[in-house]
Structure formats: structure tokens, C-alpha cells
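FYI, it's all coordinate maths here, none of it is from the lab. Because the structure is a prediction, the values reported are computed rather than measured. Counting neighbours? That spans all protein chains shown, and the Cβs are built from the backbone with ideal geometry, glycine included.
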Amino acid sequence: MTTFFRYITVINILILSSVHMQVNAQQFFSYTQYMNNLTPLNSAYSLLDKNASLSALLRKQWNGIKDGSPTTFIFNGNMPIESMNAAAGITVLNDQFFVEHLTEINGFFAKGIQLSDKQFLGVSINAGIRRYVANYSSLDPNDPVFRNDVRDNKPNVGFGIMLYSPDQYYFGVSVPELSIRDLGNASVQTADFFRNHYNFAAAYLFGKEEDDVRAKPAFLATHTKGVPFIADMSMSVYVRNTVGVGFNYRTNNEMAGILSVNSDLLKLGYSYQFGTASNNVGGRLGNASHEITLTYRFGSDLLKRSVL
């Protein structure tokens, strides 16, 4: 590789990494359809549905970039423990950006405490491991600038608290990633991926289960020391608890349209996110993010569809 092209490559990596930090610094990982599955951010949410479930999410950001754009895959599964009014499960995350890969696996346990006939307090704890890999040598194994790859593992713990009434509302606070030790200076994205993130989430479902139309406003905010505060606000409308249409606004000038279809066994969701300002980072890099979700439910109370 010539000196000129080597420096051009270095500059491009720094620019893309800097932009990625702007987009993701507010959350360790972010996704638009949080209002339909909050478990990856607060595992106490798993207590709201008394059935077991398996969920998968695929998010592709910056559609205008063909290679190396941020891609996130999240899988979570949980099952109820009825004798304890509890739930247990697992969450798996894989986040990729250019030559950098972050994988996280967490197991969690959540316990519900009944406060009144319809009000509960849920508490949860999660523990697992994070693995970070930066394959810089894949850019040019013969170039000393990119000779040293980075590989590191670190343990992770987290917790969540949620006040909720099944099929009506929830308000939760969580810290799903508490850093136990510093990763060091492995990457310009270190500050993004390995800070503590404090999540605040709430939703309220208007109407009764038998109503033809129900509405659900939802809110999610994440506080991280040293980065701007960013919040998501959404509104979804459900027809017969089967078809949902909604929108989401993020305070960094991004909006999204959301479509969901629910049956007794399956939930399918799609969202399209785009920047609304000329100086929006996502707008400069393709102005589109696609997200697909799929949930499979199984258990003894499937006739009661959960849209909260």
C-alpha cells in the first residue's frame, strides 16, 4: 500500500469511527422498536408476559454505505417461573462496525413482587461477558500501521427495576452494563461501548383488551456521563391487538415509522428510521436504518396477546 493510500485509509477509519461514536454514544446499543421488547435494556420487562418467548432483532444502519456500516443483531429468550412469580432468560448481542466487533452474552433472573391487586414491582439482575475484537490487520496485513489486532474480554453485570401493571403501564430504570474494569485504549470507540449507561423507560396502554383500537405512548432515555442526553418518544396504535402502526422521534433529529403484526404465537415488526436535519449524522451517511424483529411465544396463556 502506498503512503498516500495508507494515510487516506487511516483518515477514513477515524472519520467513520468518530461518526459512529456520535450516533451510538448515547446508548451501548440502540434500537427503534424498544416499545415492543424492552428486555435487552431492562430484563425486568420479561415479567410482563406470563408466556415464554424467543425474540430476534436485526438492525442495519446507514443504508447508503455498502461495506462496513453498523449492523446489530440481538437475541433474547425467557421463560416464566410461575411458582416464584419470576422469569429467567438470556440475551445475546452482536454489534459490528467496519473491522470492529462486539459480542455480549448475558443470563438474567427477574422477580416480581405484588404490591396490590394490579400493581407489581419487578427487580432483575444480569451477568455475562463481553468480547471486543478489532481486526485491523484485515485492512492490510503487510502494513505496520494495521499490524496489531485487538482482542479483549471483560465480565459484565447489570440490574433493572420496573413498576408495572400487566397490560396497562410500566416505568423502569436499568443499568444493563456495569463496567467492572477498563478495556484500555484499544479503540477510538472505547468510550462508547464500555461506559455505564442508565436507561429510563415508560409506556402506558390506553383502552381495554376487548377494545378494537388501543393507543400506547412510550418513552426511553439514556444517560451516559460525558455524552449528550438523548431520548426516544413514540406513539403506537393497535387495531384489535393485531396490527400496530406507530412512529418514533429521537432527539438527535431522527424519526422512524413502525409497523407490527401480532398473532397468538408470533410478533413481526419493521421500522424505517431516517434523519430529519441536514446536519444529521445518519443523513450524511445514507439517511436510512432498517430494523426487523420477530418474536415467538409459547405457553399456557397465548390467547392473551401482549402489546404492552
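Using the Cβ-Cβ distance between Y296 and T251 with R0 set to 25 Å, the FRET efficiency from 1/(1 + (r/R0)^6) comes to roughly 0.15.
The calculated FRET efficiency for D211 paired with R151, based on their beta-carbon distance and R0 = 51 Å, is about 0.45.
The string of couplings for region 121-134 from the Karplus curve (6.51, -1.76, 1.60, θ = phi - 60°) is 10, x, 10, 9, 9, 10, 8, x, 9, 10, 10, 10, 9, 10 Hz, one whole number per residue in order, with x for Gly and Pro. Once the Cβ-Cβ distance of H223 and I113 is raised to the sixth power relative to R0 = 22 Å, the FRET efficiency obtained is 0.30. This ranking places K111, K208, K304 by how few other beta-carbon atoms lie within 10 Å of each, fewest first, which gives K208, K304, K111.
Inter-label distance, L266 to E82: 2.6 nm, where each label sits 7 Å from its Cα along the C-beta direction. Counting beta carbons within 10 Å around each of R240, R305 and listing the fewest first gives the order R240, R305.
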